[in-house]
Structures are given as structure tokens and as C-alpha cells.
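Take a look at the structure below.
The values are calculated or read from the model by the stated rules, or taken from the named source; none is laboratory data. Treat the numbers as computed from the prediction; the structure is a model and nothing was measured. For neighbour counting, all protein chains shown are included, and Cβ atoms are generated from backbone atoms with ideal geometry for every residue, glycine included. Ligands, DNA and RNA are stripped out before the accessible areas are found, and what is left, the full protein with its side chains, is counted by its heavy atoms. Shrake-Rupley method; radii C 1.70, N 1.55, O 1.52, S 1.80 Å.
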4 protein chains.
Amino acid sequence: MIPSPLTGIVPPLVTPLSDRDTLDVAGLERLVERLINGGVSGLFIIGTTGEGPSLSYRLRRELIDHTCKFAKGRVPVLVGITDTAFVESVNIAKHAADAGADALVAAPPYYLPEGQPELLEYIHHLLPELPLPFYLYNMPSLTKVSFEVDTVHALLDDPRIHGIKDSSGNMTYFHRLCRQLVDRPDWTVLMGPEELLLDAVLAGGHGGVNGGANLFPQLYVALHRAAQSGDMARARALHALVMDVSTNLYQVGRHSSAIIKGLKCALSIEGVCDDFMAEPFHRFRDEQRRRIEQVLAELKEKIAAAVQ
Amino acid sequence: MIPSPLTGIVPPLVTPLSDRDTLDVAGLERLVERLINGGVSGLFIIGTTGEGPSLSYRLRRELIDHTCKFAKGRVPVLVGITDTAFVESVNIAKHAADAGADALVAAPPYYLPEGQPELLEYIHHLLPELPLPFYLYNMPSLTKVSFEVDTVHALLDDPRIHGIKDSSGNMTYFHRLCRQLVDRPDWTVLMGPEELLLDAVLAGGHGGVNGGANLFPQLYVALHRAAQSGDMARARALHALVMDVSTNLYQVGRHSSAIIKGLKCALSIEGVCDDFMAEPFHRFRDEQRRRIEQVLAELKEKIAAAVQ
Amino acid sequence: MIPSPLTGIVPPLVTPLSDRDTLDVAGLERLVERLINGGVSGLFIIGTTGEGPSLSYRLRRELIDHTCKFAKGRVPVLVGITDTAFVESVNIAKHAADAGADALVAAPPYYLPEGQPELLEYIHHLLPELPLPFYLYNMPSLTKVSFEVDTVHALLDDPRIHGIKDSSGNMTYFHRLCRQLVDRPDWTVLMGPEELLLDAVLAGGHGGVNGGANLFPQLYVALHRAAQSGDMARARALHALVMDVSTNLYQVGRHSSAIIKGLKCALSIEGVCDDFMAEPFHRFRDEQRRRIEQVLAELKEKIAAAVQ
Amino acid sequence: MIPSPLTGIVPPLVTPLSDRDTLDVAGLERLVERLINGGVSGLFIIGTTGEGPSLSYRLRRELIDHTCKFAKGRVPVLVGITDTAFVESVNIAKHAADAGADALVAAPPYYLPEGQPELLEYIHHLLPELPLPFYLYNMPSLTKVSFEVDTVHALLDDPRIHGIKDSSGNMTYFHRLCRQLVDRPDWTVLMGPEELLLDAVLAGGHGGVNGGANLFPQLYVALHRAAQSGDMARARALHALVMDVSTNLYQVGRHSSAIIKGLKCALSIEGVCDDFMAEPFHRFRDEQRRRIEQVLAELKEKIAAAVQ
């Protein structure tokens, strides 16, 4: 069962890999324990941070099975079913239900860009095939197509949809989403980019699906709580640390893979899991790893002092 | 066996479907016969026009099997293995080799955009896993990432790569590709957008992978021959007809799916195959179908008169 | 004299026109009075909302002269000098100083996009020519070029620069700007898009340069005060009204000119000034004007009730 | 008088400057002589290559006066009047007519992007104010707005418009333009990017407005003639040299200013004119100048051998 709305931090799990098509199962278990102990409200697997589209379907199924097993029902498991192929989305959805997952999440099909009427019809066709509650995932920089506000509004009445995760980075759009909550108070609106988690909660959003929570779950959980309880001084101090993570840890590499590489590298340094990356990406080499080590040491000290 | 270079028209086959996950096998057979009888130099399946990313893996395998069977070795079969997941690309590649296909084609992984060094390393890792000759596929409007000229140049020495299909629509880029042929005279450079087929052949390119050749194979084959033989008057007349197809047949719908919808609709009117579209797209409804019927009748008459 | 930092609402004035090259002087006077009476902290002329680039240089000078005269030193006047031609920016800057303006504002030259080193050198060359305090203006959607965070940082030591107005709509960027205030506590960071005014103040920004303040200055001033004083309940209620203005008043037309057209149309209905638009734009015609009338009536009632 | 259509090469002149606001008059005279002696069909000033938007209005007028004086009626002078301010476009147009120029050229206003109906209305309002024949200038990468094919078609009947220069680099668009010539055989369609000059002439276009013709007018004139006369072997050889200019001379710097910087640097090395650049750009410094020297020496030798 998944609460409605779902509040708090739902980290988009990195996918621990020990080889191109081999799950680092022990690393996954450590990661799940770390996150649940860190106070997160759910686990989101097979998203962008989880390198979802880069994983083979076999590995996606294995990842679902193990995550559900390790979570033991302590927090809900949300499974990304974003795919360019409708049938494969449904296949993964059914596997997720069988494995005991709690909800499904999908961004628009992301090869040939569809128009909004096509996207709306797609969701209408997808919903009857899904065995679990469903969340929209807005990620236009990667899918080319947005769930425009009017499209979200057209879907607002469907009880099978429980909310939306917005990774557009467009705070005006997020405000527009939140204003729709008047008509659907049980809906969940979650923020992707962690730099906007504070803004999101102050705007009436329910929480964050923030990559950095893989590494520092307590920081993001604490920021969410401070913001929600109106403790602005503490919220601002914690937000400043989140900005530090963003500025220092995510900008070591030049390409858009830098965020995931930085997170996996730091988790590997922490002994949580392997930092193998699915193709076409590769783990940081020595020089970059050393920079991550430095950055990580500084961040850990500051964050430990702030998060009590 | 695939000739080097591969010259002429290699249509990117539409994928005949009779339902969401059901291949229209009889339609595929008619389509293959029509194309081979039309004088094409090869068959390219599971590309953009073939709605490749929208097809389940099961259906992709079935499509490969049937196409190879129907082609009977009369022309080479090229199979698209573009995928966000490395392992799935390799799986399809192996299936294609087992089924008797002749070559493989891949665009860059198309979810999280990779930098050029990452893309280069990806190709270096992919090549040893591939059992068949390989073509690059440049499609930046859909993959977000281009095979930049320097990246192509860095791959030019590898004998496993036989050429490139360029669907960027950027004729300056295409000229740059063609200039690399000095160093690799056996390479093939093919043009995607049919509006640029004449330009491509005049620039030294070898042919086209043009969607319209599904419908009017003789037109594109004739244009290629006229251009290659320097019969500019005939080439210009045929090019004008290709522009007519582009302007009239591909602009009935508003979205980027309009080209494939128009082609499938016309093929259905012609009795070749079903016009079912894979999700998230849908066949043209009545009003648009009637417009396609009109356009098609006019085009057929003009093209029949020109192509003798 | 301009305070450092400059806090509150600094509306980007629409430019009242009665013909293609004729200033509506009486309308300008009414607008200036309305804004100063509404509690604004400054007047920004010749910006994007002011159709600055569409105005002849003669008219820009006339506009500067009249605005300074009407303001009578009650609030500072900031003058946009954004231009593709360096010399013309300097000419306007000198005219502004002679007319008694208080500060200058410039976005990057906006035809051929410059690299960040080129932009930095441009600002270094511009500053010695300017007779008044200077603000950067970040507007990448229109200038193609952003003042990247590192570029802003490189300019942070220069006492001639007093701050930045950010109209990127990118709240993560705004947070990065605000974090630089540690090193320059007298700097001003202002938010352009009014939908983000609340976020901006909560993030540590000093205020807003919001188009809607032309029409409802009290609303934006009240929102700024509520947010700054930590009265979150009131801030949220006022922010909701700002979102109503944005959603209803700015989306009557289809093109990017819809915001300015909507504002000028509403100001004309209110009897403040003429709604003539500089080419290539044109005032709303009858049907759209009627929709603005409806929207305006509803908004006025709600806003009057909220802003006491 | 300007021929209809205008065929051949119409170089977009660089603007020789000896300081921020000082025309290098002697350099301009040498440049004009060099181009007319090189066989060009016209001179286009105050375009993108001429750094038009970066020049003060005073300097633009001086440039018009001197160019018309130096041209002495031997070839037509076309004057760019592109501007964000309608009135300034008209002012420059009138000055050009008074100075004896032959035609005017304008791209869409390039700050706030206008919709196609707004653009069409803008041209309808501009035309009655213009004292000379007019050419459209399509440059969407810099103006954000394209003259879409339907918009061009809606303007095709107006006798005051003599043609269009297309710098989109989109060869499919260019083909669409050329197909409109059926309805207006006196229209001129010119290609901006020199890499596509050969394609353009083969497609039925009339010539090129190519930056490289500032430096090597004979090369572009010879290529145009070879292509027009159907001497494909010679055309291909000359096109290869144009590609060499593009690849080697225009890619020394990293930013979009690299083309103009490279051209001005080479012209300065050749002793034609000063290489001062209008802000926000700056001439190449020593290291880049040395690379241009090398490249130039190689190109001159090859081009001299080919162009007889």
C-alpha cells in the first residue's frame, strides 16, 4: 500500500552493478538498508538516476525482485516502467506487481516525440493494463515531451493516477501542478532536482525524488521536515548543504552523466556499492575519483554537523 | 554478404502491424516483394520509420525472422539495433545474425545524452560483440547526440564499420562525411531525408534510406540512377516529385508522427499492409485518411508518368 | 542614489505608445504615479516588457527624460541599455545619466551569440564607459547567452556592478546567484518571472522585476513584504493571485508577445495608457480584448479583497 | 538597378574597422575593388558577416556612403536593414536610397520572437516605407524566427519583394523555396552558407551570399559558374576547396564568432583591411593569428592552382 499523498523523500536509487549485466546484489541490500535507516518514505527504482533505460530487461526484473525483498514492506517500492515500447512497459509493470512492488512510474515514450493528444491517448491506453497505482514522470529534457499542465489536468480525475514527479526544473510549472491539488487533494506532487526541494515543499509539494538522497538520506529527509514544519532557518541551512552537494559533487565530469557518476563514485568510496556504470557510460577514473574523495570528505563533515 | 560500398536505395521499412503486438506477416511479405521488385538495394528494418523503439523485443525478433525469410537473399537485410540498453542491442544483433541478416545499424543510445568521448568508447565496446558488419546511424533530432565528424573520423579505420546513414538533414555535415571517403573508399554514406537524396548523390553519397521508398520504390531508385549517371534534367524532374511526396503526403498530421502515419495510411490504401501504429501513435482517422487518398491518387498518376 | 541592496518591487515599465514612434506622455505619467503610489522601490524602463529593442533611439531618449521627470526622485530610475551595438549602449547610458537616472541595466548583446570569455571581456570594456551604477540582466531565452554562474563570480569584485536581474526562470541558477551574496552582501539579486517572486524572496533574493506590477503594483509589493517578513500564509495567498494573473491574463494570445499585449490591453482598459504596441507586434483586437476585460474584472475583485 | 533575378556571388562584406566606432575607409575601398575585380555580382553590407547589429547607426550610414561611392555603380549594393526597431530599419533604408544603394535586405526582428502572422504583418507594414527593392533574409539560428515556407508564399505576389537569402543551412527548406519560383520566375533565391553553394545552384538557386567570398571571390564565382554551366567535375573540385576553407579557416576559434574572426584575420594578413572586431568580439590574438597564417598560405596555393 502506498499512502496518498506520499510525503517525504523517495530516493531514485542508483543501480549497483558489478558488471555490464550483473547486479551488485550485496551493494543493493546495503543501499536499501542505508536509505530506510535514513528515514526515506519510499524507494524508486529504474528511473533516470538508476540508469533505467540502460539496463537489460532481465536485469530490471532481477533488480525489482531484490529491491522488494530487501525493502520487506517497510517503505513502498516504486518501479519505473518508462519505455519506448508499450508492451515492455506493461511487462515490467506486471513483473513489479508480482514481485510485491507498490506503484509504477512512467515518463512519456522518448524516441519519436508525440503530441499532447497522442500522449494523453497513450496514458489512457496504458492505465487499464497496469496492475498498480501509477505516477506520471515529467522529464522533458530527456524525453523531449512534457506532460503539459492541460494534459495533467485532463488526467486528474482518474483514480488510478496518484500523482506526478516533476524533473523539469521549471519551478513555474511546479507551481501550476501544485495549484491543481485543490481538485485532487490526495494527489502527490514530487520534485526531482534536489536544488529545488526546499522551493517545492514551500510551494505545497509533498517531497522529493532526489538523487543525492542515495548518499545523504538524512540530509534530504531533514530538509523536507524542516521545510514542512516551517523551520525556515534550519531549512535554509540544510538547503545550503544540498547546494554544496550539487555544486561540488555533480560537476566533476563534463557530460550529463556527471551526476550519476559522482553519486556512484561516492557510494563506492563509502563502501556501499560498486560504481560500475551501464554503457554508454563509465565510472570515474583515478583523477576524478580523487576529486570526489576530497569533495566527499568535506561534505560529510559539514552534513554530519548539520543533521542531528 | 553486403557490397562495399552499398549503393542505391535501402528503404527503411515500415513495420506492418495488425495489433499492438502482432505482426501483419502477409503485409510484410507483400511489402518486401514490392520493394525488391521496385529495384531497391537492401532492406533496413527496425529503424525510425519502422517504429523500431516502439516494438517489443519479441516482435522485433519475429520481424527479423520473417524479413530475412521473405528476402531470400535477393538483397541484403540491415537490422537496426539502436537501443538504450547495450545488452539488448547485442541480443538483437545476435538474433539478426542467426536469422541470416547481413548487417547491423545503430544510432547513439538516446536517453541520457552522452558526450563524444563516451559515444566513441561505447562504439569501441559494441563492435567486438557484433557478429555482422556495422553501420553508424546519425539521427541527432531524436537521439540528442550526433556522431560528430571527428568521432566518425576516429572510427574510420575500423574494418567492422562499413559506413554511415545520416538523418541529420544537415547537408554541410553530409559533405564533411563524404570528404572522409578519400581515406576509406569502401565506406558507404547514405542519406536519410529523401528531400536531400539528389543533393546526397551529387555530393558523392551512395544512396538513400528514404521512407517514401516504401510507397514508391521505383521513384527513388530512378532518382538515384539519374543523379548518379549525371542525367540532371531527369534527376531534377524526379526530385520535384519527391518534394511533392514530402510536401503533400507527410504534412497531413500535425505531429512528428505525420510522416510514418502518412506512409502507413497510403500503404494500407494501396492494399499492401495494415496501417496499425505502435503506441504512442495511432493510425489516421477517417478525415485524414480521405485526404491521404486524394493526395495519393494525384501522386500516383504523376509518378507513373515520370518513372518508366 | 540607489540603495544597496535594492529591495522590493521594481516594475519593468511597459512603454505607453500612441503611435509607431510616439510616446503616450500622459499615459506614462499616469503609469509612473500609479506605480509609485503602489509602493514600488524603483522603475525599470527599456527592458523586455518595455519593448526596449523595438523602440527608436529617439523615443528611448524621450522616454528616459519623461520618466525621470515624472519620478521626481521619489524612487530610483533604472534604464535598460541592452543593445547589440556597444556604442549605442554607451550613448543611451550617457543620456540616462544626463537625464537624472540612477542606474543602468544590460543583458548580453543578442545577435551573434558570444562565448563566456567574450561576454566577460565585453562587460570589462563596457564598465569604464558607464556613468552610473550597473546591473547585469540575465535573459537567455531572448539573448541566447546566459551570464553563467562562473562569469557572474568573475565580476563580483567590481564595485561598479550592483547586482543582477535574473529572468532565466531557472530557480537552481537563482539559488546559485544568491549563494554568491556571501562574498558581496551589498549586491542585489532580483527575480524576473513573477511566478517565482515568492521562491526568490524565500531564497534570499531582494525582490522582483515583475511585469504584472505594472497593473497590480500593490499585489507584488504585498507579496514581497509578506515573504520577507515570514508571513507564509499571507505570502501563499498572494502568490496564488500572482499565479492567477499569469495563467489568465498572459495566455490570451498564442505568441510570446502575449504577456506584454495582455498587460498593455489591461492597462488601457483601466484607463492608464494606450495599448499601442511597437512593431512587429500589435495590440489585441476586439475578441481578445473582451477576454482580457473579463479576466481583468475577476482578477481586480480577488486582488482588492486580498491586498489591504 | 538590380537585375531580376540576381545571379552569381554577392559577398556579405566584412566591415573593416580600425577602432570601436571608426571605419577603416582605405581598407573598405581595397575590399570593394578586390571583390568587383573578383567577379562578384553585388555587394551586401551590414549583414551578419558585416557585424551589422554591432555597428553604431552613425557608422552604418558612413559605411553605406563609402560603399556606394567605391562601387561606382559597377555592381549593385544591397544594404541590410535588419533591426529590432521598425523606425531604425526605415531610417537606414532611406539613407541607403539617398546614398545610391540598390536594394534592401531584412531578417525578422530578433529579440522577442514573433509568430508567423505577426511576422507577415510586420513585412506588410514595412514594405510601403521602403524606397528600394527588398529581399527577405532567413537566418533562424540568430533571429529565432524563420520565414516559414507558407509565409514566403503569402508574400510571393508582392512586386516590391525581389527574393530571399536563406542562411538556415536547411537544404530541404531551400528546395521548398526554389519550387516557389514557378510562380515568380523573376525572384532571386540565394544561399548563405558557402558549404551549400553547389547544392543551391544545382537546386535551381541563383547564387550565394558567402562570407568566404570576401577572401577568395574568384573561387566562389568560379564555383557558381561551373555549377550553373553543368561542369560537374570542375564544380566538385571547387566545392572541395570551399569545404577546405570552411573546415580550416573557420574553426580556429571556439565560439560562433570564429568565422568572422577568421575572415578578418586572413584579410588583414593579406593586407586588405584591419581585423578589428566590433564588440563584443575581438580579433584573434597571436597564437590564433599564426594558425590562420598557416592555413591561409596552404589555401591560397591550392585555390590559385584551381581557379584560372
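Shielding by partners for C:17-28, please: the mean number of other protein chain Cβ atoms within 10 Å of each residue's Cβ.
Taking all residues of C:17-28 together, the mean is 1.
Mind checking the dipole of segment B:15-172: about its Cα centre, +1 per Lys or Arg Cβ, -1 per Asp or Glu Cβ, Debye to the nearest 20?
So the magnitude is around 580 debye.
Which one, D:THR22, D:THR188, D:THR172, has the greatest fluctuation when you compute a Gaussian network model over chain D with C-alpha springs under 10 angstrom?
Its mean-square fluctuation being the largest, the pick is D:THR172.
For a Förster distance of 60 Å, can you work out the FRET efficiency between the beta-carbons of D:GLU121 and D:ALA305, rounded to the nearest 0.05?
0.70
Calculate the dipole size of segment B:240-290 relative to its Cα centre from +1 charges on Lys and Arg beta carbons and -1 charges on Asp and Glu beta carbons; express the result in debye to the nearest 20.
So the dipole magnitude of segment B:240-290 works out to roughly 140 debye.
Partner chain Cβ atoms within 10 Å, averaged over the residues of B:164-175 - can you pull that number for me?
Other-chain Cβ atoms within 10 Å of each residue's Cβ, averaged: 4.
Can you work out the FRET efficiency for the pair A:GLU129 and A:SER4, with r the C-beta to C-beta distance and R0 = 25 Å, to the nearest 0.05?
0.70
Can you name the residue in chain B whose Cβ lies closest to the B-to-C rotation axis, and give that gap in whole Å?
B:ARG254, 7
Which one, A:PRO193, A:GLY39, A:VAL14, is farthest towards the positive end of the dipole of chain A when Lys and Arg carry +1 and Asp and Glu -1 on their Cβ?
Result: A:GLY39, furthest along the dipole toward the positive end.
So what is the relative contact order for chain A, in percent, with contacts set as C-alpha pairs under 8 Å and at least six apart?
Averaging sequence separation for qualifying contacts and normalising by length gives 20 percent for chain A.
Taking Cα centroids, how far is segment D:106-142 from segment D:6-84 in Å?
Spelled out, the Cα-based centre of one part sits 21 Å from the other.
Could you report the accessible area of C:SER54 in Å², rounded to 10, computed with a 1.4 Å probe on the protein chains as they sit in the structure?
The value for C:SER54 is about 20 Å².
Cα-based Rg (one decimal) and Dmax (whole number) for the protein assembly as shown, in Å?
Reported Rg and Dmax, both Å: 31.0, 88.
Report, for B:GLY271, each distance to the same residue's label point in the other copies, shortest first and in nm; define the point 7 Å along Cα→Cβ.
Computed spacing set for this position: 7.5, 7.6, 7.7 nm.
Under the definition of partner shielding as Cβ atoms of other protein chains within 10 Å of a residue Cβ, what is the mean value for peptide B:84-96?
Neighbouring Cβ atoms belonging to other protein chains average 5 per residue here.
Placing a label point 7 Å from Cα toward Cβ, how far apart in nm is D:ALA26 from its equivalents in the other copies, listed shortest first to one decimal?
5.9, 8.0, 8.6
How far apart are the D:LYS300 label points across copies, placing each 7 Å from Cα toward Cβ, in nm, shortest first?
For D:LYS300, the inter-copy label distances come out at 6.3, 6.4, 7.3 nm.
Give the distance, in whole Å, between the Cα centre of segment D:203-237 and the Cα centre of segment A:246-308.
54
Work from the charge dipole of segment C:157-308 (Cβ charges, +1 for Lys and Arg, -1 for Asp and Glu, about the Cα centre) and give the residue of C:MET243, C:HIS224, C:LEU181 farthest towards its positive end.
C:MET243
Tally Lys and Arg at +1 and Asp and Glu at -1 over the other residues with C-beta under 12 Å from the C-beta of D:ILE64: what net charge comes out?
That works out to +1.
When ligands, DNA and RNA are left out and all protein chains stay put, how many square angstrom of accessible area per residue does chain C have with a 1.4 Å probe?
Accessible area per residue: 33 Å².
Just need the Rg to Rh number for segment D:255-308, please, alpha carbons only, Kirkwood Rh.
1.02
Looking at B:SER168, B:ALA101, B:LEU112, which one has the Cα that reaches farthest to the positive end of the dipole of segment B:8-217 (charges on Cβ: Lys, Arg +1; Asp, Glu -1)?
Of the candidates, B:ALA101 comes out farthest on the positive side.
Assigning unit charges at the beta carbon (Lys, Arg +1; Asp, Glu -1) and nothing else, what dipole magnitude in debye, to the nearest 20, does the protein assembly as shown show about its Cα centre?
Charge dipole, the protein assembly as shown, about its Cα centre: 0 debye, nearest 20.
What distance in nm separates the simple spin-label points at A:LEU156 and D:ASN37, each placed 7 Å from Cα in the Cβ direction?
7.3
Could you rank D:ASP102, C:ASP286 by how accessible they are, 1.4 Å probe, largest area first?
Ranking D:ASP102, C:ASP286 by accessible area, largest first, yields C:ASP286, D:ASP102.
Based solely on its DSSP helices, what 222 nm [θ] is calculated for the protein assembly as shown when runs of n ≥ 4 H residues each add -39,500 (n - 2.57) and the sum is averaged over all residues, nearest 500 deg cm²/dmol?
-13500 deg cm²/dmol
Among rounded, prolate and oblate, which fits chain C when a ≥ b ≥ c are the square roots of the eigenvalues of its C-alpha gyration tensor, a/c under 1.5 means rounded, and a/b larger than b/c means prolate?
oblate
Could you tell me which of the pairs D:LYS165/D:LYS261; C:LYS69/C:LYS144; C:LYS72/C:LYS264; C:LYS165/C:LYS264 are separated by over 26 angstrom between their Cα atoms in the structure shown?
Exceeds cut-off: C:LYS69/C:LYS144.
Could you order A:ASP183, D:ASP275, C:ASP21 by accessible surface area, starting with the largest, using a probe radius of 1.4 Å?
Descending order: A:ASP183, C:ASP21, D:ASP275.
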